Structures are given as structure tokens and as C-alpha cells.
Amino acid sequence: MSNPRPLEEEAYDMSGARLALTLCVTKAREGSEADLDALERMFRQLGFQSTMKRDPTAQQFQEELEKFQQAIDAREDFVSCAFVVLMAHGLEGHLKGEDEQMVKLEDLFRVLNNKNCQALRAKPKVYIVQACRGEQRDPGETVGGDNTVMITKDNLETIPTYTDTLHIYSTVEGYLSYRHDKEGSCFIQTLVDVFLERKGPILELLTEVTRRMAEAKVVQEGEARKVNPEIQSTLRKRLYLQ
């Protein structure tokens with residue numbers, strides 16, 4: 001009978017600067033200010049140097065990410081990680097700027113990858129996306145399931161271009177995302193609560209975010225809806241925020 005060994009725990013070095021950029025379209029997105037307030041509180045308590053920009057156009061989404069990358073690479077101190085929060089109306093793979101024009105998420109994600117941002121090479125890059133990814137609505141099912149994420153890690157002399165990245169979407173592909181007019185979005189509010197109230201590797205924290213959101217009830221246009229985040233990870237190590 002085999003005797004599997006437990007994984008060795010290797011974590012990212014979080015002793016350096018923690019940087020965050022939030023780009024949020026507030027136009028026709030009631031409740032977004034509540035999300036911005038929650039994010040500002042979270043970044044402050046977790047020791048991030050945070051910058052927030054309101055109502056970027058599609059082009060400004062790209063420009064602000066590029067400015068962020070240039071500022072990171074120009075730093076002389078050690079940088080541990082970067083968080084980027086993107087909040088807007090959207091469709092799968094796209095965000096809508098304040099000017100109603102679309103920008104590709106793929107183009108935004110490319111800016112900080114291991115090829116284009118030297119200071120973040122092999123460092124964790126976390127994207128939090130609060131936006132619709134389609135028009136479908138999930139009424140929920142009477143019996144739920146559980147998703148398991150398996151992480152493998154390698155010690156590599158070189159690393160792929162897109163490792164050390166975590167994408168956290170407010171909803172799954174093809175579905176709507178929900179936001180309360182005054183209280184903000186269930187996704188951002190739940191994520192902030194978990195990140196501040198709990199300790200552990202970020203993927204375990206996100207499992208708790210998913211659990212809480214799956215149990216929450218969302219009512220839209222008089223109909224009960226369900227929503228859960230989607231997490232895509234190429235992290236090579238455990239990421240602890242506190």
C-alpha cells in the first residue's frame with residue numbers, strides 16, 4: 001500500500017511592498033462606492049499601498065495598468081505582490097469603460113505577467129474582477145456539489161510567462177453578477193469580510209468566500225438567484241496575506 005507524503009509548504013515572501021490598484025466604473029453602477037469603501041479598508045488593514053481610480057474609459061483601463069506596471073518596475077525596494085481590482089459592466093472577456101467602449105481582459109492581464117513586469121516576476125499577481133460575464137441567470141438547484149482545486153508545485157530554473165497569477169471573478173463564465181444599490185456587491189463585501197476575518201492560504205480563503213456566496217440568497221426583479229465566484233490559479237506557492 002502506498003504511503004503518500006504530505007506536500008511541503010512553500011509560501012511567497014510577503015515581507016516587501018504590497019501594491020494595489022483599483023479601477024472602478026461607478027457610472028450606472030449603484031452600490032459601487034460601498035465596494036470601494038470596503039476595499040479601501042481591506043487594503044489598509046492588510047498593509048497595502050493602494051491606489052483607486054474612478055470611472056476610467058476603456059482606454060484608461062489599459063493606460064492605468066501600464067502606469068502601474070511602470071511604477072512597480074521603477075521601484076528600488078523589494079515588491080512582494082500586486083493586487084488589481086477591476087469593477088465595471090462587462091461581458092465574457094471584456095469590461096465596459098465609462099465611455100461605453102469595451103476593453104479586453106486578456107490585454108489587461110498581460111501587462112503584469114512574468115515577461116512584461118520584471119519586478120513581479122515569480123511574485124503573486126491577483127486580479128479581482130467584479131463584472132458580469134454574460135446574460136444568464138442562475139436560479140439555483142436543490143442539491144449542490146463541491147469543487148476541488150488541485151495545486152501542483154515545481155522548483156523551476158525558469159518559469160512560464162503566466163505563472164504566479166490568480167484570477168478571481170465575481171461570477172462564472174456566461175452569467176450575470178449582482179450588486180445591491182446601497183450595500184454593494186455580495187462578492188466584494190464577502191471577499192473583504194473573509195480576507196479580514198480569517199487567516200490561511202488565499203485559495204482556502206477563497207473557498208470560504210465561495211461557500212458563503214453559495215449560501216447567500218440574491219433577489220433580482222422579484223426572482224431568487226444564486227451566484228458564486230470563479231477562481232483560476234497558476235500560483236506556485238501558498239499566498240498568505242496575514
Note on the range 8-40: residues assigned to a strand (DSSP E or B), under 16 Å from F187 (Cα atoms) and not hydrophobic (A, V, I, L, M, F, W, C) are T22
Of the residues in the range 31-64 that are of a type in the set (A, V, I, L, M) and without any contact (Cβ under 8 Å) to a residue 60 or more places away in the chain, the one that is farthest from Y240 (Cα to Cα) is A58
- If you go through the range 206-219 one residue at a time, do you hit one that is part of a strand (DSSP E or B), among the aliphatic types (A, V, I, L, M) and at pLDDT below 90? yes
For the range 73-105, the count of residues that are in a helix (DSSP H, G or I) and either modelled with pLDDT under 95 or over 19 Å from the mean Cα position of the chain (by Cα) (or both) equals 2
When every residue in the range 16-46 that is surrounded by fewer than 20 Cβ atoms within 10 Å (Cβ to Cβ) and small (G, A, S) is compared, the one nearest to D193 (Cα to Cα) is A34
The residue that is surrounded by the most Cβ atoms within 10 Å (Cβ to Cβ), considering only those in the range 73-102 that are among the β-branched types (V, I, T) and under 25 Å from D37 (Cβ atoms), is V85
Of the residues in the range 4-58, those that are among the charged types (D, E, K, R) and out of contact with any Ser or Thr (no Cβ under 9 Å at 6 or more places or on another chain) come to R5, E8, E9, E10, K27, R29, E30, D37, R41
Of those in the range 106-120 that are open to solvent by 40 Å² or more (accessible area, probe 1.4 Å) and assigned to a loop (DSSP other than H, G, I, E, B), the residue farthest from L23 (Cα to Cα) is K115
With the first residue restricted to the range 155-180 and required to be under 30 Å from D13 (Cβ atoms), and the second required to be of a type in the set (F, W, Y) and modelled with pLDDT under 90, Cβ contacts under 9 Å at 6 or more apart or on different chains are S170/Y178
Within the range 202-215, restricting to residues that are in contact with a helix residue (DSSP H, G or I) (Cβ under 6 Å, 6 or more places away or on another chain) and open to solvent by less than 30 Å² (accessible area, probe 1.4 Å), the one that is nearest to C81 (Cα to Cα) is L205
Restricted to the range 121-172 and to residues being surrounded by fewer than 12 Cβ atoms within 10 Å (Cβ to Cβ) and of a type in the set (D, E, K, R), the residue modelled with the highest pLDDT is E135
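The values are calculated or read from the model by the stated rules, or taken from the named source; none is laboratory data. Computed from a prediction, not measured in an experiment: that's the story for all the values here. Heads up, the Cβs are rebuilt from the backbone with ideal geometry, glycines too, and the neighbour counts pull from every protein chain shown. Note: areas computed on protein heavy atoms with side chains; ligands, DNA, RNA excluded. Shrake-Rupley method; radii C 1.70, N 1.55, O 1.52, S 1.80 Å.
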